[in-house]
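J.: Take this structure first; my questions come after.
What follows is calculated from the coordinates using simple rules that are stated; it is not laboratory data. Computed from a prediction, not measured in an experiment: that's the story for all the values here. Virtual Cβ from ideal backbone geometry, glycine too; neighbours counted across all protein chains shown.
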Amino acid sequence: MIEIAEADCAHSTIVSVNNSLFCNGILKFGTEAQKQKYVRAIAEGKEIGAFALTEPQSGSDATAMRCKAARQADGSYVINGKKSWITSGPVAKYIILFAITDPAKGAKGITAFMVDTTKPGFHRGKTEPKLGIRASATCEIEFQDYVATADEVVGQEGEGFKIAMGVLDAGRIGIASQAVGLAKAAYKAAVAYVKERKSFGQPIGSFQMIQAKIADMKCRLDAAEILTLRAAWAKAQADLNGGRFSTEASVAKLTASEAAMYITHQALQIHGGMGYSKEMPLERYFRDAKITEIYEGTSEIQRLVIARNETGLR
Ligand SMILES: Cc1cc2nc3c(=O)[nH]c(=O)nc-3n(C[C@H](O)[C@H](O)[C@H](O)COP(=O)(O)OP(=O)(O)OC[C@H]3O[C@@H](n4cnc5c(N)ncnc54)[C@H](O)[C@@H]3O)c2cc1C
């Protein structure tokens, strides 16, 4: 993810949702038949997967969702509702969807389903016009009497919220990696530019104010990368021995996304007018960085997760 995001942040968004939010959920909670059908098609590069949790009125508070799945006598479910901001929604063949099966049970009344976008009752809505990661397609989707069979339920009925949160913990390490890769690209461009660009007869890198920027960028970049690798290590340990890595994942995502914002901003500034030009990639790095502070849990939600885990208070 770090390497891919260094080359193109939008592309790394597609990879992250596909591999992490979609495939990881099925690998962890799906049946063998689901793994063979969905993960195989995606791992072979034949199809693209998406993840549908957010709705127009519910983002950070996913339990406020309204999309409903009503169980029928034959064990199938009829799904009605809308989801918004779905990465790869315009192109995905399969989507892991979260819908309410029992409104009385709150978070425990949410269930995960595999959706095939070629089946009747699935509709694509407006494409979201975005500030950055514009090569990643995002849209609303809608379900009108869409029928999911019993074998399209992922995990058990009522386990959807647990699946979504578990998958997002891992996904946050992917977004931290994305932020590190993007920050690296901006940092490397800045270091090259300060050696080559001259002002007042000297390379701009010889001015102390520019040197301070380079030093501050380097400290934040290294801190972000090391905390991201620590989170990946913590997840690997949890996969082997059990246990949680939610604090490490949130610390990495928060630190790396704020580092990416800072570093892309400073790198643009170092490039002066050329930083603002579309002839160079700096303005794109700057626009792309912002999303890392928003999706898979905003910075405020990461702070909330970290503080709750640390204090045990709600
Ligand atoms: C480009 C893009 C791609 C996305 N891709 C997907 C996808 O593939 N699948 C999917 O399901 N979703 C996706 N999302 C949705 C994304 O995860 C949400 O936008 C995000 O979780 C925030 O939710 P929200 O936009 O509803 O903001 P809100 O939850 O309405 O938050 C608004 C503001 O209030 C703050 N806030 C909310 N609650 C609290 C609190 N308790 N304490 C302090 N502050 C709080 C937030 O931090 C934020 O600053 C995507 C979003 C974008 C922009």
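J.: Using a Gaussian network for the chain with springs between C-alpha atoms less than 10 Å apart, which of these wobbles most: Ser76, Ser177, Ser199?
T.: Of the options given, Ser199 has the highest mean-square fluctuation.
J.: The range 226-299 to the range 1-77: how many Å between their Cα centroids?
T.: So the separation of the two Cα centres works out to 21 Å.
J.: Compute the helix-to-body angle for 246-270: its Cα long axis versus the longest principal axis of the chain, expressed 0 to 90° and rounded to tens.
T.: The angle comes out near 40 degrees.
J.: Can you find, among Leu229, Gly275, Leu254, the residue sitting farthest towards the positive end of the charge dipole of the range 162-311, where Lys and Arg contribute +1 and Asp and Glu -1 at Cβ?
T.: Gly275
J.: Between Lys126 and Ala150, what is the label-point separation in nm under the 7 Å Cα-to-beta-carbon projection?
T.: My value for the distance between the label points is 4.1 nm.
J.: Write down the radius of gyration of the chain and its Dmax, each obtained from C-alpha positions, in Å.
T.: Over the chain's Cα set, Rg and Dmax evaluate to 21.2, 81 Å.
J.: If a paramagnetic tag sat 7 Å from the Cα of Asp102 along the Cα-Cβ line, which residues of the range 24-64 would have the backbone N under 18 Å from that point?
T.: Within reach of a label on Asp102, which here means backbone N under 18 Å from a point 7 Å along Cα→Cβ, the range 24-64 contributes 63-64.
J.: Give Lys105/Lys235; Lys28/Lys184; Lys130/Lys278 a once-over and call out the pairs whose C-alpha atoms are over 22 Å from each other.
T.: Violating the 22 Å Cα-Cα cut-off are Lys105/Lys235; Lys28/Lys184.
J.: Under a GNM of the chain (C-alpha, springs under 10 Å), which listed residue has the highest mean-square fluctuation: Ser58, Ser250, Ser88?
T.: Of Ser58, Ser250, Ser88, the most mobile in the Gaussian network model is Ser58.
J.: Report the FRET efficiency, 1/(1 + (r/R0)^6), for Tyr276 and Lys68, where r is their Cβ-Cβ distance and R0 is 41 Å, rounded to 0.05.
T.: 0.30
J.: Multiply the residue separation of Glu142 and Gln269 by 0.36 nm, subtract the distance between their alpha-carbon atoms, and state the gained length in nm to one decimal.
T.: Working it through step by step, the gained length comes to 41.5 nm.
J.: Also, quick follow-up: What distance in nm separates the simple spin-label points at Lys188 and Ala7, each placed 7 Å from Cα in the Cβ direction?
T.: Modelled inter-label distance: 1.1 nm.
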